[in-house]
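Contents: one structure, followed by commentary.
The values are calculated or read from the model by the stated rules, or taken from the named source; none is laboratory data. The shown structure was predicted, so the numbers you read here are calculated from the model rather than taken from an experiment. Cβ placement follows ideal geometry from the backbone for every residue including glycine, while neighbour counts extend to all protein chains displayed. Just the protein is used for accessible areas: all its heavy atoms, side chains included, with ligands, DNA and RNA removed. Shrake-Rupley method; radii C 1.70, N 1.55, O 1.52, S 1.80 Å.
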Amino acid sequence: MNKRKEMIILGLALFSMFFGAGNLLFPPSLGVAVGKNWLSAGFGFFLTGVGLPLMGILAFTKGGNLDEFANKVSKKFNTLYLTTLILVIGPLFAIPRTGSTTFEMGILPLFSDINSLILGIVSSILFFGITLFLVLNESKITDILGKFLTPIILIILALITIFGLLNPLGIPVNSTIEGNQFSYGFINGYQTMDALASILFGVVIVKGIESKGITNSKEQKVFLIGSGVIAAIGLGLIYFSLIYLGSQISGMEKLSTAQVALTLAEMTLGKGGKLAFGLCVGAACLTTSVGLTTLVSDWFSKLLNVSYRKVAIMTCIFSGVLAVVGLDSIIALAIPVLIILYPITIVLILLNIFDIKNENCYKLVTLITLVVSIAEVLKLNVSFIPLANSGFPWIVPAILAFGMGQIIKTKK
């Protein structure tokens, strides 16, 4: 086996796994918000958008099983945690977001004269109707579309970047965001939800490596790190390019999340490029919607002993209704949930990567991180905690909880 070749192939696979429509929406919007501070915010976004997902997969070289990921906290917690992850990247936020993105980027620009509410409802019914049909009929259309769409979107992105760099779109202005720009970019990266998704498909990646005869934990790490660097380079180039281009139009009047990406496409490629980009992203959203709906249906049909078909239908109906709310509203609704869920995911990933055996550490660190994150969301005063003003009030308490867990011995 040519390990270098296999490493490159896995690196490209990781790239395509994390690369989706959401990864195109949030970087330019971040650039618009932070303006001149695009580089520091970009590094924060890169850590959560690329670093954490790769660490999530790396964590599975230790367990290789979803049942083991948070099991040291408790079996019930592990089930509750994984169920919450699936709800968040499923019908609560990620799936409705695919429908809203398709409408705002692919449909609305073509039919701007029609009442937007009526058009949004019709678009949502059609989008999730097609999603349900493909999910229930196990069609391979989405796989075929995905193979063609990703290269097309990458070509369009490359053209947008090249034209944007050769012909600057504007001058970055001062940031509209108060406080630490790095932490703003870091927390903004939560919206990609890639770190949450990496928990669920990390097992698939590790099993794929094992099928190639690589079973040693250290060798798996080397393999994953090498391929991860390849994926990180690709995603990093896209993120920093879009954040920088977004900063160039930071002086424009307020644009919605979808409008920022479409504006960049139109300013560099013209109206034809704008429409082509919007339609490609919309079609890519369909493949994502089908994949996530399948994941949700499979999980809850087993967990609740309900038919796969019923779960799929309910998921599409619920997602379709929520999609009409609008992309920016869905993003706003997701923020408090992600602020709670991401810190817990980060500490669990780290505990798994370092192969901590002490169950007290898992329990104390998870509990303290959860309490502090909830307090932050509820707007309780956490300013007395170190790093709280930088947006990371959970870090120091989590470290102290880890120390306490190491001191306390588990009773036999």
Check: Of the residues Leu237, Leu224, which single one is hydrophobic (A, V, I, L, M, F, W, C), open to solvent by 10 Å² or more (accessible area, probe 1.4 Å), in a helix (DSSP H, G or I) and at pLDDT 90 or above?
Finding: Leu237
Next item on the list: Considering only residues that are of a type outside the set (A, V, I, L, M) and under 17 Å from the mean Cα position of the chain (by Cα), look in region 235-250 and name the one that is nearest to Trp38 (Cα to Cα).
Entry: Phe240
Next item on the list: Please work out if Leu364 is without any contact (Cβ under 8 Å) to a residue 40 or more places away in the chain and farther than 21 Å from Thr48 by Cα.
Entry: no
Next item on the list: Within region 190-200, identify whether any single residue is open to solvent by less than 70 Å² (accessible area, probe 1.4 Å), closer than 27 Å to Ile89 by Cα, not acidic (Asp, Glu) and not in a helix (DSSP H, G or I), and answer yes or no.
Entry: yes
Next item on the list: Please work out if Thr98 is among the polar types (S, T, N, Q), buried (at least 22 other Cβ atoms within 10 Å of the Cβ), in contact with a helix residue (DSSP H, G or I) (Cβ under 6 Å, 6 or more places away or on another chain) and over 29 Å from Ala312 (Cβ atoms).
Entry: no
Margin query: Just to verify a result, which residue in region 370-397, among those that are at pLDDT below 95 and hydroxyl-bearing (Ser, Thr, Tyr), is least open to solvent (accessible area, probe 1.4 Å)?
Written below: Ser390
Next item on the list: Pull up region 272-299, narrow it to residues that are among the hydrophobic types (A, V, I, L, M, F, W, C), more than 19 Å from the chain's Cα centre (by Cα) and open to solvent by 30 Å² or more (accessible area, probe 1.4 Å), then point me to the one that is nearest to Phe19 (Cα to Cα).
Entry: Leu279
Note to self: Residues to consider are Val135, Val122; find the one that is within 24 Å of the chain's Cα centre (by Cα), part of a helix (DSSP H, G or I) and either aliphatic (A, V, I, L, M) or modelled with pLDDT of 90 or more (or both).
What the structure shows: Val135
Checklist line | Answer residue from region 211-221, given it is touching a residue at least 40 places away in the same chain (Cβ under 8 Å) and part of a helix (DSSP H, G or I) and is nearest to Trp38 (Cα to Cα) among those | finding: Lys221
